[in-house]
Amino acid sequence: MTKPIDLKQAINAISDVVQNRPRPLREFDQIYMKTGDMVMQSEFVASWADAKRLAFIGDGDAISICVAYLQNRGIIDYGPSRITVFDFDERIVQAVKRFADKERLEHLDATLYNCLDAFPSVPKFDCFYTNPPWGASNNGESVNVFTQRGMEAIGYDGHGLVVIADDEELDWPKQVLASAQSFALDRGFYVSRMAPRLHLYHLDDAPELRSCNLAISALPGNGRAIASDPITDPQRLANFYGRSKAPRARYIRERKTLNYGMAHDDEYHLELMDKT
Ligand SMILES: C[S@@+](CC[C@H](N)C(=O)[O-])C[C@H]1O[C@@H](n2cnc3c(N)ncnc32)[C@H](O)[C@@H]1O
């Protein structure tokens, strides 16, 4: 039987991770998950990917760091054997590396990678996680691009967790869910689990919009030769980050600063006390 989790320790650990996250860029659909949901999600991912090599295709939320940190602190005694984050934002890549270095999380690493480029030839992972742009304006095409890279990371053999919008009232999340499931089926995967409407986000214009965990698994014998190519199809790229927001940046580059996690100088100025 697994031991019960000390909730206070777990929340304080996730708080360390949240403090380390770079500020989100809405232009590229970086919209961070709320802290309580990060605690629950990290515990779930650690158990789902226990003893496995796990690739994250994008991870502004920093679930990768949470999973590795909870495990390393002994707050949970299960989790992946290896975690690699692939993200096109150098601030996110460096935040993962800095945290891993500081806390000696030796099984956590990150690589700068744009999922429109061919997936790098690296040793195969066992499972992948992605919380992609949710594809409200392209019927889930951006979800499918991230999922395709995840499938390539595992050589079309293993498991994936796709975190996407799920809402009872709206039409588009249902259409995107159907498109994601059909994309998975066409590539030899089936839906092995679906946990509806779980997570909330710091999303000003839709604070109640939740995401679900859509777990997919490869059918037996599904592994195939990987033919990873860049994605250039304009149909897949139009509205990638929302209506009329096609990708324009290959990478987001980090400006070096000495005070990570602290207020930036240009956020405030001092009004000094009178000397008299
Ligand atoms: C698009 S956001 C989706 C919302 C998610 N809750 C988040 O903020 O992380 C997911 C991650 O994908 C990354 N990303 C966006 N476009 C990408 C691309 N073309 N290639 C690789 N990563 C990308 C973002 O930097 C972010 O870390």
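The values are calculated or read from the model by the stated rules, or taken from the named source; none is laboratory data. Quick caveat: nothing in here was measured; it's all calculated off a predicted structure. Ideal geometry is used to build each Cβ from the backbone, glycine not excepted, and the neighbour counts take in all protein chains shown.
Summary of computed values
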| item | result |
| --- | --- |
| Residue among Ala136, Ala165 that alone is part of a strand (DSSP E or B), farther than 25 Å from Asn222 by Cβ and within 14 Å of the ligand (Cβ to nearest atom) | Ala165 |
| Residue tally, condition surrounded by 13 or more Cβ atoms within 10 Å (Cβ to Cβ), at pLDDT below 95 and under 20 Å from the mean Cα position of the chain (by Cα), over segment 204-230 | 1 |
| In segment 83-121, residue surrounded by the most Cβ atoms within 10 Å (Cβ to Cβ) [restricted to those that are of a type in the set (A, V, I, L, M) and away from the ligand (no atom under 13 Å from the Cβ)] | Ile83 |
| Unmet criterion (only one of (1) within 15 Å of the ligand (Cβ to nearest atom); (2) over 23 Å from Glu254 (Cβ atoms); (3) touching a strand residue (DSSP E or B) at 6+ places or on another chain (Cβ under 8 Å)) for Ser42 | (3) |
| Which numbered condition Phe128 fails, given (1) surrounded by fewer than 20 Cβ atoms within 10 Å (Cβ to Cβ); (2) within 14 Å of the chain's Cα centre (by Cα) | (1) |
| Unmet criterion (only one of (1) out of contact with any Ser or Thr (no Cβ under 9 Å at 6 or more places or on another chain); (2) in a helix (DSSP H, G or I)) for Pro220 | (2) |
| Given (1) among the hydroxyl-bearing types (Ser, Thr, Tyr); (2) under 20 Å from Tyr251 (Cβ atoms); (3) within 11 Å of the ligand (Cβ to nearest atom), index of the condition Tyr129 fails | (2) |
| Test: residue in segment 69-82 that is near the ligand (Cβ under 10 Å from one of its atoms), of a type in the set (Val, Ile, Thr) and either modelled with pLDDT of 95 or more or in a loop (DSSP other than H, G, I, E, B) (or both) | no |
| Boolean, Asp157 is surrounded by fewer than 21 Cβ atoms within 10 Å (Cβ to Cβ), more than 24 Å from Pro173 (Cα to Cα) and either within 12 Å of the ligand (Cβ to nearest atom) or at pLDDT 95 or above (or both) | yes |
| Subset of segment 234-256 that is part of a loop (DSSP other than H, G, I, E, B) and exposed (fewer than 10 other Cβ atoms within 10 Å of the Cβ) - its residue that is nearest to the ligand (Cβ to nearest atom) | Arg248 |
| Close pairs (6 angstrom Cβ cut-off, 6 or more residues apart or separate chains): more than 19 Å from Asp126 (Cα to Cα) in segment 50-71, of a type in the set (D, E, K, R) anywhere | Ala62/Arg21 |
| Condition met for Phe28 (of a type in the set (Phe, Trp, Tyr), under 17 Å from Asp87 (Cβ atoms) and crowded, with 22+ Cβ neighbours inside 10 Å) | no |
| In segment 26-35, the residues that are within 19 Å of Trp134 (Cα to Cα), modelled with pLDDT of 95 or more and either more than 6 Å from the ligand (Cβ to nearest atom) or not hydrophobic (A, V, I, L, M, F, W, C) (or both) | Gln30, Tyr32, Lys34 |
